[in-house]
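One structure below.
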Amino acid sequence: MKAILNALVALGLGVAPAQAQQTCTRDAMVVFDGSGSMAEMGYNLMDEPRIFDARRAVRTVMPQVAPARRIGLVTYGFGSRESCASVVVRFAPQPDAAGRIISEIDRLQPAGETPLTEAILAAAQVLEYETKPGEIVLVTDGKETCGGSPCQLAADLAAGADLTVHVIGFRVRGEHFAWPDQPQDDMVEPVARCLADRTGGLYVQAETLDDLIGALRQTLGCQILSEVTSGRPATRGVL
């Protein structure tokens, strides 16, 4: 009980206690979608681009979870309009990485395609997934658009040592057009969900800023932090 209370205090104050630190033995990589769709404002042009709330969520959550575990960052997007050559390993997992993660994501200017399969593979290789346990948290608003096969990659990763991939689908939409006075596209599940299903991770749909904050806490926080702060339903994948 004391450990749970300490974890709650940690989330409220942005400081991770020793009890929470002891539960974070697995390194993590965040894979962040910086493709052109993250700059979209919605068909009615009244909303902010998705990247705005994504940045706000990162600024909120990272100072809470980074003191308790080593985290690294991979990004994709921010290239030319049709470019798939945009996967960048910003840095490998390191302690207290909140400031660096926030800075890198604040500088992203979304553009380009969505090579999420290549990005997940890059993160897995940094984690040395064939011999070491680790976790990947993918934040994406869409599907693979560069010819990669997320589900085949998921099967390959599942055969490694012990790698878990969590997928956060942030305002994922269908592709058909809707006029401004019609309902927006229904939420859909990205093909990348199989990355979570095959590796025993979580798939979480996030529609609002609060949803995204909760999803990041649930997937990046240590087990004790996730259990006591999760108010957002998620689906756990099956190996």
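The values are calculated or read from the model by the stated rules, or taken from the named source; none is laboratory data. Note that the structure is a prediction, hence the values are computed from the model and not measured. Using ideal geometry, Cβ is built from the backbone for each residue, glycine included, and neighbour counts are taken over all protein chains shown.
Filter segment 130-158 for residues that are more than 13 Å from the chain's Cα centre (by Cα) and either assigned to a strand (DSSP E or B) or closer than 15 Å to D197 by Cβ (or both) and give the result.
Going through segment 130-158, the residues more than 13 Å from the chain's Cα centre (by Cα) turn out to be 130-134, 143-158.
Selection gives P133, G134, S149, P150, C151, Q152, L153, A154, A155, D156, L157, A158.
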- Query: Could you say whether any residue in segment 117-135 is modelled with pLDDT under 85 and either in contact with a Leu (Cβ under 7 Å, 6 or more places away or on another chain) or surrounded by fewer than 16 Cβ atoms within 10 Å (Cβ to Cβ) (or both)?
  - Reply: no
Self-check item: Residue check for A97: crowded, with 24+ Cβ neighbours inside 10 Å and either without any contact (Cβ under 8 Å) to a residue 40 or more places away in the chain or farther than 23 Å from V204 by Cα (or both)
Solution: yes
Considering segment 67-107, residues that are of a type in the set (S, T, Y) and outside any strand (DSSP E or B), and then whichever is modelled with the lowest pLDDT, we arrive at S80
Over segment 189-208, the set of residues in contact with a strand residue (DSSP E or B) (Cβ under 8 Å, 6 or more places away or on another chain), under 15 Å from A54 (Cβ atoms) and surrounded by fewer than 24 Cβ atoms within 10 Å (Cβ to Cβ) is Q205, E207
Restricting attention to segment 203-239, the residues that are in contact with a helix residue (DSSP H, G or I) (Cβ under 6 Å, 6 or more places away or on another chain) and modelled with pLDDT of 90 or more number exactly 10
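Yes or no: T114 farther than 16 Å from T219 by Cβ and polar (S, T, N, Q)?
Yes, satisfied.
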Being of a type in the set (D, E, K, R) and exposed (fewer than 15 other Cβ atoms within 10 Å of the Cβ) narrows D53, D27, D33, D47 down to just D47
